[in-house]
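Novice: Can you keep this structure in mind? I'll have questions shortly.
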Amino acid sequence: GNFTYNSAWSAGQVEELMMDYRGYLEDRKREGLTRMHTMLGSGSGLRTDLLQGKHILLATDGLNNGFSLDIAKEFLKPVKYKELVIITPIASPEAVDKMHVIGDKIYCLSVIDNYLSTEHYYEHHDIPAREDVVKVTEEIMEQWR
């Protein structure tokens, strides 16, 4: 019943967006919940119970802002992990600030002031299907037991 937004926004900005886009946000929220329930019912969601008590490495090809980190933080809220390590080759200063707040350790090779988009910094940006990533990740986590 909630949504995640960029924590760099002020309370006034969030309230204004909520007023202007309430109907749109409610529709997107309903669609998201339907997708989420479908994924959970099909068993294709990442199981948080397999993360309990582990060192978590959160790796990405680039961070433009802290939004994806806010989403990861929400996902990991119920998980009692030992340590969260955030790894990225490139990030904006805003994202690095968020990494310091959320992560126990961070590794960032380059901080880019005028970050355009992650795709801009790569010649090839082939992204595997979500289902494939979840499957491989869960297979690895199953071996940890």
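The values are calculated or read from the model by the stated rules, or taken from the named source; none is laboratory data. This structure is a prediction, so every number in the text was calculated from the model and none was measured. Here Cβ is always computed from backbone atoms with ideal geometry, including for glycine, and neighbour counts include all displayed protein chains. Ligands, DNA and RNA are excluded from the accessible area calculation, which covers all protein heavy atoms including side chains. Shrake-Rupley method; radii C 1.70, N 1.55, O 1.52, S 1.80 Å.
So that you can scan it fast, the table gives a plain yes or no per residue for (1) closer than 23 Å to Asp113 by Cα; (2) in contact with a strand residue (DSSP E or B) (Cβ under 6 Å, 6 or more places away or on another chain); (3) not in a helix (DSSP H, G or I):
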site	(1), (2), (3)
Asn65	yes, no, yes
Ile71	yes, no, no
Phe75	no, no, no
Lys80	no, no, yes
Ile90	yes, yes, yes
Lys98	yes, no, no
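Novice: Further question on the same structure: Hey, can you tell me all the residues within segment 48-63 that are part of a strand (DSSP E or B) and in contact with a helix residue (DSSP H, G or I) (Cβ under 9 Å, 6 or more places away or on another chain)?
Specialist: Ile56, Leu58, Leu63
Novice: Met141 - would you say it is aliphatic (A, V, I, L, M), touching a residue at least 40 places away in the same chain (Cβ under 8 Å) and part of a helix (DSSP H, G or I)?
Specialist: In short, yes.
Novice: Please work out which residue is nearest to Val136 (Cα to Cα), limiting yourself to segment 47-95 and to residues that are out of contact with any Leu (no Cβ under 8 Å at 6 or more places or on another chain) and open to solvent by less than 20 Å² (accessible area, probe 1.4 Å).
Specialist: The residue in question is Leu50.
Novice: Now a separate question. Can you pull out the residues in segment 100-138 that are of a type outside the set (Ser, Thr, Tyr), part of a helix (DSSP H, G or I) and closer than 24 Å to Thr48 by Cα?
Specialist: As a first pass, look at segment 100-138 and keep what is of a type outside the set (Ser, Thr, Tyr): 100-106, 108-109, 111-114, 116, 119-120, 123-136, 138.
Narrowing further to those that are part of a helix (DSSP H, G or I): 100-102, 119-120, 130-136, 138.
Selection gives His100, Val101, Ile102, Arg130, Glu131, Asp132, Val133, Val134, Lys135, Val136, Glu138.
Novice: Something else about it: Provide a single number: the residues in segment 101-133 that are open to solvent by less than 80 Å² (accessible area, probe 1.4 Å), touching a residue at least 24 places away in the same chain (Cβ under 8 Å) and over 14 Å from Ala59 (Cα atoms).
Specialist: The number of residues fulfilling the criteria is 5.
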